[in-house]
Amino acid sequence: MSITAPAPVPENMDFRVPFVGHLPGIREQSEQAGTGRPDIELYQSSLAEVWQRLVDSPASRDEALVQAFLERHPSLLPGPFSVDGTSGHAPYPDALISKPHLPGLSTREPDFMWIATDSATLSPVLIEIETPHKRWFYGKRAEIHSDLTHAQGQLAEWRAWFRPGHNRDAFLDYYDIPQDQRHLTLMPRFVLIHGRRADYRDDPARQTKRAELAREDERLMSFDRLSPDHNAVSFPCVKKSERGYRAQCVPPTFAIFSASDDHRLVSGWDEALDDCPDITTARREFLRGLLHEQPDSESSYVRIEWL
């Protein structure tokens, strides 16, 4: 069955209407898939175009708008499978975490966090987003802008928080890390997404200085670097509190994995599904059925979804 091309994005698109993260035409095109997921390439193409429009627009000066858009589409953010390579393991708990809390830290919390894993390490990837309009350098000079030094200061605070052993234990407890993963080496990573590539791309002196800015456990990147990761299009966004994990947003390509029951740690699925009009009614009801099945239900081993 052929899949129609993505609907054209209006030139004067309002990124807040009908809701932040809406992809024009994706629901209509997804009707072809029935209860299945929409075509992944179609979703990535549509998402990439709308995201680029947002980044290029004055609307992206609003950091809250950018935050809400990324909550809707976690696959745009780096780190679900680590920032040091590509792990074969899904992040815990199969989700991006928005506004993650670091127990006892009273300063600004990260904007996002993936908890990436592999066979040897547990790597919280803490992400700070600024806006595409923040600067890397002053004027025509190769002098680091205060926008950038301030943002890097946030990463330094989070790095310092992880150093004491009791904070590392507090992290494992607060995020309900399973016992079989607590023996892994805890290796936090820190990502800053800041400004645009054009601020340094054509200036050799700026490029050289930019290459020296990041510490070993840091990744500094511009908003131009963000694009949908094919392997992460199934992941939702959640929030964590003392009461546990709660679903915040799901993308239209959200899926459940029979190989994992991490989604059972998360509440609020019905509300998150209802809050994503880009998911078709048939798909929403199918997912609702999977989410409410018992783990020992025979059908839970039959209705398998993979990337």
Original post:
Using the alpha-carbon centroid of each, what span in Å lies between region 29-103 and region 117-185?
Top reply: 19
Subject >> Of the DSSP H helices in the chain, those whose Cα atoms cover at least 18 Å axially and whose Kyte score averages -1.0 or more >> reply: 40-56, 146-162
Original post:
Picking from GLY153, HIS133, SER123, whose Cα lies most toward the positive end of the charge dipole for region 104-209 (charges on Cβ: Lys, Arg +1; Asp, Glu -1)?
Top reply: HIS133
Subject >> Lysine pair count for the chain [Cα-Cα under 28 Å; pairs on different chains or 8 or more apart] >> reply: 6
**OP:** With a 1.4 Å probe and all protein chains in place, put HIS166, HIS230, HIS101, HIS73 in order of accessible area, largest first.
**Re:** HIS166, HIS230, HIS101, HIS73
Original post:
Taking the Cα centre of the chain as the origin and placing charges on Cβ (Lys, Arg +1; Asp, Glu -1), which of ALA90, LEU290, ALA33 is farthest toward the positive end of the dipole?
Top reply: ALA90
Original post:
What size of dipole, in debye to the nearest 20, comes out for region 117-168 about its Cα centre when the only charges are +1 on Lys and Arg C-beta atoms and -1 on Asp and Glu C-beta atoms?
Top reply: 160
Subject >> Charged-residue dipole, Cβ positions (Lys, Arg, Asp, Glu), region 35-149 about Cα centre, Debye nearest 20 >> reply: 320
Original post:
Residue farthest toward the positive end of the dipole of the chain, with Cβ of Lys/Arg at +1 and Asp/Glu at -1: which of ASN231, PHE81, ALA214?
Top reply: ALA214
**OP:** Considering only protein heavy atoms, with the full assembly of protein chains and a 1.4 angstrom probe, order SER222, SER241 by accessible area, largest first.
**Re:** SER241, SER222
Original post:
Any idea what the dipole of the chain comes to, in debye rounded to 20, about its Cα centre with Lys/Arg Cβ at +1 and Asp/Glu Cβ at -1?
Top reply: 960
Original post:
Pick the calculated semi-axes √(5λ) of the Cα gyration tensor in Å for this structure from (i) 27, 22, 21; (ii) 88, 18, 15; (iii) 32, 27, 16?
Top reply: (iii)
**OP:** Divide by every residue of the chain the summed helix terms, -39500 (n - 2.57) for each DSSP H run of at least 4, and state the resulting mean residue ellipticity at 222 nm, rounded to the nearest 500 deg cm²/dmol.
**Re:** -8000 deg cm²/dmol
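The values are calculated or read from the model by the stated rules, or taken from the named source; none is laboratory data. Just so it is clear, the model here is predicted, and its values are computed rather than measured. Using ideal geometry, Cβ is built from the backbone for each residue, glycine included, and neighbour counts are taken over all protein chains shown. Accessible surface is based on the protein model in full, side chains and every heavy atom, while ligands, DNA and RNA are left aside. Shrake-Rupley method; radii C 1.70, N 1.55, O 1.52, S 1.80 Å.
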